[in-house]
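Quick one: the structure is below, and I'll ask about it shortly.
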Amino acid sequence: MNRQEREEHEENLEQRVVRVVAAALDRKPSEIQPRDSLIDDLGAESIDFLDIRFRIETEFRIKVTDDELWEGNLRAEDPRLISETGITKEGMDLLRRRMPDFRWDRFPDGISKGDFPRLITIRTIVDYLKRRFEKEGAEAPKSQ
Amino acid sequence: MNSRRVVVSGIGLLTALGNDLNSCWAAIQQGKTGISRTTLFDASGFKRQLAGEVKDFEPRDYFRFAKAIKITDRKTRLAVAAAAMALQDAGLAFEAKPSDQTFRPVESAPFESLGVLMGAGSSDLQVEEMARAIGEDPELRSAFDIPFFSSKILSGVNPLWLLVNLPNMVSTHVAIQVGAHGPNSTVMTDWIAGAQAVGEAAALIEAGEADLMLSGGSDSGVYALAFASYQQAGLFDPSPPLPSFTIGEAGAVLVLEEREHALKRGARVYAEVNGYSCAGSAADSSGQARALRLALEDVLAQTGWHAEDLNAICCASIFSDPYWNAERAAIESAFESCADAMPLIEYKSSVGHTLGASGAVDLALLLKSMQGTGKPSRALVNSLGYSGQAATLAVSQT
């Protein structure tokens, strides 16, 4: 893929994720921004995560094991980024760089482990899919 | 005598005749039928292609939390809609929001002790979802390899499938949508579920377990699996002079309220629930007749009413399904020489057999018919099950 093709592919990926999440959460795609937190902005509850994962699997014809879909931005390659109670200062710096438009003002007292699901955004899913298809050297399969 | 008495103070109804109580009743008065060609699925392969479908139903108009619609089946949606309308009809805590005509609870909703006890039928099991998953197996290996079927094909079914199809979801979603935190249960006795739920809910109020209950029945048989089952069971074969069985669907919810509670808040009262009984017997026509006779006799003993006291018996099966012979035999046994003079009415020929909703549909329409007559009236509602169960409710307007 050349650069233009890759940008179009990513654009398309994002639209498809937005469409899937919108259907699962009873929203209009036009209401959804890439930086939206599934929980805080889009009202997702625990069962919705099961549903979204299934719909992503069906849309992209893949199987997603365990929670890897949600780890995305949160996965810290360096264990020093995550402490017993939450994310270390280094971890926060890394997250802020990766998610520059996220609404960090929602966490004035830092981020505890219980807050992790609130960090899952549309972008988290798009980034996961992008990494996965890059690693596999494949394009995202077309919608059915 | 029990000092706690139970009245009906609100009704919400959706049937093939209309999407609220008044339009259903107006259609009955005009002699209309709600039965028409099935549109909810392609019934062209079945012997019977007519059904009593609820038309132009938009669950979004009634769900406070629309996201939940995806985890509900048709009967749960009809139940939520009927419950919202019943609460509004009872003057309780719901008001129409003029901007979008959806139902909203007012902030003072006194629903901490509001209970929900609904009768509900089967689920359509989302056969299309299953078929889609099986379509992923073009070589049909799953037909002979069950471990393969379980691991590879069923994993293609949405993980929320179970939530949609669990039988208790009718009462669950009604409670969630209206914010009812009181006793919550579901009666799953198929065709008599609606009548039985009302009887059981009234008993909870009499026992002091609750002052307010949402109760009734909700069911839809307008899906391929139900049509297939009833066709296999022979119910689509006409048995002259009776016509073929016609499947319907409905949501029928009543607000049951402790009488003093209702009077204190100045509620409009449709009627009092004076008696309830149910019985079970073998699943043949003599067993069904016996079960219904036992229920009828028990209710007459509870109320002290005699044949001449009754203004109407709302029949479960008259003119509309193969069980009229059993019901007629039960009425003849219970009322003996007076049986021929009993004033019999029925609604299924207008709305179809609404299965687990039917007892509550009949009760709702009967209570509406008693409104405004200006004279005291007493009536019974019969409900007759496919499997030899029967229930009878006694109601009066004073």
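The values are calculated or read from the model by the stated rules, or taken from the named source; none is laboratory data. What you see is a predicted model, and the numbers here were worked out from it, not measured in a lab. Cβ sites come from the backbone with ideal geometry, for glycine too, and all protein chains shown count toward neighbours. Keep in mind that these areas ignore ligands, DNA and RNA; they rest on the heavy atoms of the full protein, side chains included. Shrake-Rupley method; radii C 1.70, N 1.55, O 1.52, S 1.80 Å.
Being in a helix (DSSP H, G or I) and modelled with pLDDT of 85 or more: is that true of B:SER150 here?
yes
Output the residues belonging to the range B:292-321 that are touching a helix residue (DSSP H, G or I) at 6+ places or on another chain (Cβ under 6 Å) and either in the same structural domain as B:ASP89 (by TED's automatic domain parsing) or at pLDDT below 90 (or both).
Across the range B:292-321, the qualifying residues are B:SER317, B:ILE318, B:PHE319, B:SER320.
Sticking with this structure for a sec: Pairs, please: C-beta under 8 Å, at least 6 apart or cross-chain, first residue more than 12 Å from chain B (Cβ to nearest Cβ) and in the range A:12-27, second among the hydroxyl-bearing types (Ser, Thr, Tyr)?
Partner pairs satisfying both residue conditions: A:ARG16/A:SER143.
When the range A:42-56 is examined, which residues are found to be of a type outside the set (A, V, I, L, M) and facing chain B (nearest Cβ under 9 Å)?
A:GLY43, A:GLU45, A:ASP48, A:ASP51, A:ARG53, A:PHE54, A:ARG55
Right, something else. Consider B:SER387 against the criteria (1) in contact (Cβ under 8 Å) with a residue 40 or more places away in the chain; (2) among the hydroxyl-bearing types (Ser, Thr, Tyr); (3) over 25 Å from B:ARG48 (Cα atoms): it satisfies all of them except one. Which criterion is unmet?
Exception for B:SER387: condition (3).
Quick one: B:ALA289 ticks every box in (1) at pLDDT below 95; (2) in a loop (DSSP other than H, G, I, E, B) bar one, so which box is it?
The single condition B:ALA289 does not satisfy is (2).
For every residue, the table says whether it meets (1) more than 13 Å from every other protein chain (Cβ to nearest Cβ); (2) surrounded by 17 or more Cβ atoms within 10 Å (Cβ to Cβ).
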| position | (1), (2) |
| --- | --- |
| B:ALA133 | no, yes |
| B:SER142 | yes, yes |
| B:SER150 | yes, no |
| B:PRO159 | no, no |
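Considering the range B:190-207 alone, what residues qualify as being in contact with a Cys (Cβ under 8 Å, 6 or more places away or on another chain) and more than 13 Å from B:THR354 (Cα to Cα)?
The answer is B:GLN196, B:GLY199.
Follow-up. Could you check B:SER239 against (1) open to solvent by 10 Å² or more (accessible area, probe 1.4 Å); (2) under 29 Å from B:ASN168 (Cβ atoms) and say which number it fails?
(2)
Another question, if that's okay. Quick one: is B:ALA210 modelled with pLDDT of 95 or more, assigned by TED's automatic domain parsing to the domain that holds B:GLN49 and either open to solvent by less than 20 Å² (accessible area, probe 1.4 Å) or assigned to a loop (DSSP other than H, G, I, E, B) (or both)?
In short, no.
With the range B:312-398 as the region, which helices (runs of 4 or more DSSP H) entirely inside it contain at least 3 residues that are open to solvent by 30 Å² or more (accessible area, probe 1.4 Å)?
Fully inside the range B:312-398 and qualifying: B:324-335.
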